[in-house]
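Below: the structure, in structure tokens.
No value in this document is a laboratory result; all are computed from the given coordinates. This one's a predicted model, so the numbers in the text were calculated from it and none came from an experiment. Cβ coordinates were reconstructed from backbone atoms using ideal geometry, including for glycine residues, and neighbour counts include every protein chain displayed.
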């Protein structure tokens, strides 16, 4: 846990340095003065709606194993995303599975499986948008190669998940073979956790629910694109229609990297890289990144703090669950 925390903070510091290197801060300050803050309100509204849709989508993914009310889902989602912001190296991803076990009768390992399904579908949605954007946007070669590697890894993980849910006993025998040198009591515990974890994948075998989740995923990410477009208007950027898609894709890849709390560093550097493809100077891109970051992170913090009193947890809780 400590090594993960340290690595995340160090990586975040490196990306902060890369983001501000060569910047004249008076240019950034001038950018803040010229922001058209009337466009901030639509962005705030979109960020709130995205958070609501995330909780609705998670409820659909959970539905084959447990039913719970929407308020509980929204409160846990809000605090869970606050944990992702607050805890480096994306260790906060464990908060939602931990908290939902306090709201309904579901094991944490099964809830963790649903979160993995959610993340895989997010990746596939963004990568599908990435493939479409290749025909309209000037992606550099390194990003195209990275995108296809990311797609390959995501598809492999999805295929493994499908195999595990369809061939549960074969997967279990493979696990037992791998862990055969462990004491029997540990093997029995692993088998139990493995079964529960696979239960979280049940949505994959229900075409109707899976279509519902995929549709929600596209709506969520397209709303994110719209929010970025409004931020372009706020910053006075006259960019082609493909630009918000490109920035969204690079930003999504950037924040998927475990780094410092609040995505500080990887968020800003990703925005700068994305906007540089369209000729936006680094100082103006940093202004965009800072304002957009404050809006998105601010919304998550406000919602998370609102529901934190009824969804308390500690880092030691997550550490024990992780182990």
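Return the tail of the calculated pair distribution for the range 99-163, meaning the percent of Cα-Cα pairs more than 20 Å apart. Display every interim value, and only then the final one.
On the way: 901 of 2080 pairs.
Result: 43 percent of Cα pairs exceed 20 Å.
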Check: Over the range 207-283, what is the mean sequence separation of C-alpha contacts under 8 Å (at least six apart), divided by residue count, expressed as relative contact order in percent?
Finding: 24 percent
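Given only helices, namely DSSP H runs of n ≥ 4 each adding -39500 (n - 2.57), what is the per-residue ellipticity at 222 nm of the chain, to the nearest 500 deg cm²/dmol?
Numbers: 14 runs with 242 residues, N = 323.
The helix-only estimate for the chain comes to -25000 deg cm²/dmol at 222 nm.
Take every Cα pair under 8 Å in the range 61-173 that's 6+ residues apart, average their separations, divide by the length, and report that relative contact order as a whole percent. Display every interim value, and only then the final one.
Numbers: 69 pairs, mean separation 21.1, N = 113.
Reported as a whole number, the value is 19 percent.
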Note to self: Connecting C-alpha atoms closer than 10 Å in a GNM of the chain, tell me which of 274, 298, 22 has the biggest fluctuation.
What the structure shows: 22
Checklist line | Helix axis angle, 207-235 relative to the chain longest principal axis, alpha carbon, degrees | finding: 20 degrees
Check: From the Cα gyration tensor of the chain, with a ≥ b ≥ c the square roots of its eigenvalues, which class applies: rounded if a/c is under 1.5, or else prolate if a/b is larger than b/c, or else oblate?
Finding: prolate
Next item on the list: Using only the alpha-carbon atoms of the range 138-196, report the extent along each of the three principal axes, biggest first, to the nearest angstrom.
Entry: 55, 23, 17
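Does the range 208-287 classify as rounded, prolate or oblate by the C-alpha gyration tensor (a ≥ b ≥ c root eigenvalues; a/c under 1.5 gives rounded; else a/b over b/c gives prolate, otherwise oblate)?
oblate
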Checklist line | Using alpha-carbon coordinates, inclination of helix 184-199 to the longest axis of the chain, degrees | finding: 50 degrees
Notebook entry, point to check: Going by how many other Cβ atoms sit within 10 Å of their own, how do 168, 54, 3 line up, fewest first?
Noted result: 3, 168, 54
Note to self: Using only the alpha-carbon atoms, how far is helix 40-62 inclined from the longest principal axis of the chain? Give it as 0 to 90 degrees, nearest 10.
What the structure shows: 10 degrees
Next item on the list: Please arrange 199, 27 by counting, for each residue, the other beta carbons lying within 10 Å of its beta carbon, fewest first.
Entry: 27, 199
Notebook entry, point to check: Taking other Cβ within 10 Å of each residue's Cβ, how do 67, 102 sort, fewest first?
Noted result: 67, 102
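So what is the relative contact order for the chain, in percent, with contacts set as C-alpha pairs under 8 Å and at least six apart?
Working: 395 pairs, mean separation 114.1, N = 323.
Averaging sequence separation for qualifying contacts and normalising by length gives 35 percent for the chain.
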Item checked: Shape category assigned to the range 2-79 from the gyration tensor of Cα positions, a/c cut at 1.5 -> oblate
